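Working notes, structure below.
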């Protein structure tokens, strides 16, 4: 059974189909399109609240002809009165796919291991693969000629990631950049350097640790085609927020830091953004900020991923 738990769950050879389908679905939205989820119900298990993730998946499932079933952590017995393995077995008898947004990455891998339906990682503390595919698609839209090769436009590009380089978005860019043929440079306090979990993942997949990490943000953004950041305290880290702000403040994306990247560099953020903390409002408002294109494209990319997984599951 094909799942999408991490960026590399799809081989590089599968990417053209997914990216081209996302473009087609975006261009055809509002017009008659195929309904690969017709007659299907996809469950959405959310232990973490969300705006973009929940809305994009619910709308996407409906636009593909299916029915979404939203389940928050209080709605089901997941990990409380029932094992994760048994939850996977039971839900596999009822629904056609699972979309999971949770804290511990091992929960989602266990659901995938014991279920018999496709599982999509909608975010864990370790990885956020739907966001990375969306971000790559968003950049490729800007760089590829009309109707041109989206993936080819990513080759050799550099992304600079600033802030907490030990958490899900940084981890996902380390994996995703390899898949897309991009270079990634990360910058943050040394206490927040890429950690053992992502290094172990690279080793398990036979991938080199060729990402750059530096405590100098200007070194990271030099020559960058994309400057990327995320909030400094994610859900579950709120009690650390003041300490993190103090540590991370040198890595805020200011107008001056953004200007140190390539003159045509894009600014990206997975949102929500905290203006005045990890990024200045003037950068969020810059014409080269594509934050709302990223948000919209979550819908189109996730529809493409679901359509491909549904087809493979039914093959």
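The values are calculated or read from the model by the stated rules, or taken from the named source; none is laboratory data. As the structure is a prediction and not an experimental result, all values here were calculated from the model. Here the Cβ is made from the backbone with ideal geometry for all residues, glycine too, and neighbour counts use every protein chain on show.
In region 251-295, which residues are touching a residue at least 40 places away in the same chain (Cβ under 8 Å) and within 12 Å of residue 138 (Cα to Cα)?
Once the filter is applied, which keeps residues that are touching a residue at least 40 places away in the same chain (Cβ under 8 Å) and within 12 Å of residue 138 (Cα to Cα), region 251-295 yields 266, 267, 268, 269, 270, 290, 293, 294, 295.
Can you find a residue in region 173-185 that is assigned by TED's automatic domain parsing to the domain that holds residue 262, in contact (Cβ under 8 Å) with a residue 60 or more places away in the chain, touching a strand residue (DSSP E or B) at 6+ places or on another chain (Cβ under 6 Å) and closer than 21 Å to residue 283 by Cα?
no
Which of the following residues is modelled with pLDDT under 95 and surrounded by 18 or more Cβ atoms within 10 Å (Cβ to Cβ): 298, 244?
Result of the check over 298, 244: 244.
Scanning for something more than 30 Å from residue 293 (Cα to Cα) and in contact with a strand residue (DSSP E or B) (Cβ under 7 Å, 6 or more places away or on another chain), does region 129-142 turn up at least one residue?
Narrowing region 129-142 to residues more than 30 Å from residue 293 (Cα to Cα): none.
The answer is no; no qualifying residue exists.
Given the structure, is residue 261 surrounded by 15 or more Cβ atoms within 10 Å (Cβ to Cβ), at pLDDT 95 or above and in a loop (DSSP other than H, G, I, E, B)?
On the way: surrounded by 15 or more Cβ atoms within 10 Å (Cβ to Cβ): yes; at pLDDT 95 or above: yes; in a loop (DSSP other than H, G, I, E, B): yes.
For residue 261, the condition - surrounded by 15 or more Cβ atoms within 10 Å (Cβ to Cβ), at pLDDT 95 or above and in a loop (DSSP other than H, G, I, E, B) - is met.
Which one of these does residue 28 not meet: (1) touching a helix residue (DSSP H, G or I) at 6+ places or on another chain (Cβ under 9 Å); (2) over 18 Å from residue 136 (Cβ atoms)?
(1)
Conditions: (1) buried (at least 21 other Cβ atoms within 10 Å of the Cβ); (2) assigned to a loop (DSSP other than H, G, I, E, B); (3) within 20 Å of the chain's Cα centre (by Cα). Residue 268 meets all but one. Number of the miss?
Of (1) buried (at least 21 other Cβ atoms within 10 Å of the Cβ); (2) assigned to a loop (DSSP other than H, G, I, E, B); (3) within 20 Å of the chain's Cα centre (by Cα), only one is false for residue 268: (2).
Evaluate the following for residue 112: is it on the phi < 0 side of the Ramachandran plot, in a helix (DSSP H, G or I), assigned by TED's automatic domain parsing to the domain that holds residue 73 and in contact with a strand residue (DSSP E or B) (Cβ under 6 Å, 6 or more places away or on another chain)?
Numbers: on the phi < 0 side of the Ramachandran plot: yes; in a helix (DSSP H, G or I): yes; assigned by TED's automatic domain parsing to the domain that holds residue 73: yes; in contact with a strand residue (DSSP E or B) (Cβ under 6 Å, 6 or more places away or on another chain): yes.
Judged against the criteria, residue 112 is a match.
Determine if region 71-81 includes at least one residue that is touching a strand residue (DSSP E or B) at 6+ places or on another chain (Cβ under 8 Å), assigned by TED's automatic domain parsing to the domain that holds residue 307 and under 15 Å from residue 41 (Cβ atoms).
Narrowing region 71-81 to residues touching a strand residue (DSSP E or B) at 6+ places or on another chain (Cβ under 8 Å): 71-73, 76, 78.
With the extra rule that they be assigned by TED's automatic domain parsing to the domain that holds residue 307, the set shrinks to 71-73, 76, 78.
Then drop every residue that is not under 15 Å from residue 41 (Cβ atoms), which leaves 71, 76.
Yes, there is a match, as at least one residue in region 71-81 is touching a strand residue (DSSP E or B) at 6+ places or on another chain (Cβ under 8 Å), assigned by TED's automatic domain parsing to the domain that holds residue 307 and under 15 Å from residue 41 (Cβ atoms).
Please verify whether residue 282 is surrounded by fewer than 23 Cβ atoms within 10 Å (Cβ to Cβ), part of a helix (DSSP H, G or I) and in the same structural domain as residue 62 (by TED's automatic domain parsing), treating the condition exactly as stated. Spell out how you get there, then give the answer.
Details: surrounded by fewer than 23 Cβ atoms within 10 Å (Cβ to Cβ): yes; part of a helix (DSSP H, G or I): yes; in the same structural domain as residue 62 (by TED's automatic domain parsing): no.
For residue 282, the condition - surrounded by fewer than 23 Cβ atoms within 10 Å (Cβ to Cβ), part of a helix (DSSP H, G or I) and in the same structural domain as residue 62 (by TED's automatic domain parsing) - is not met.
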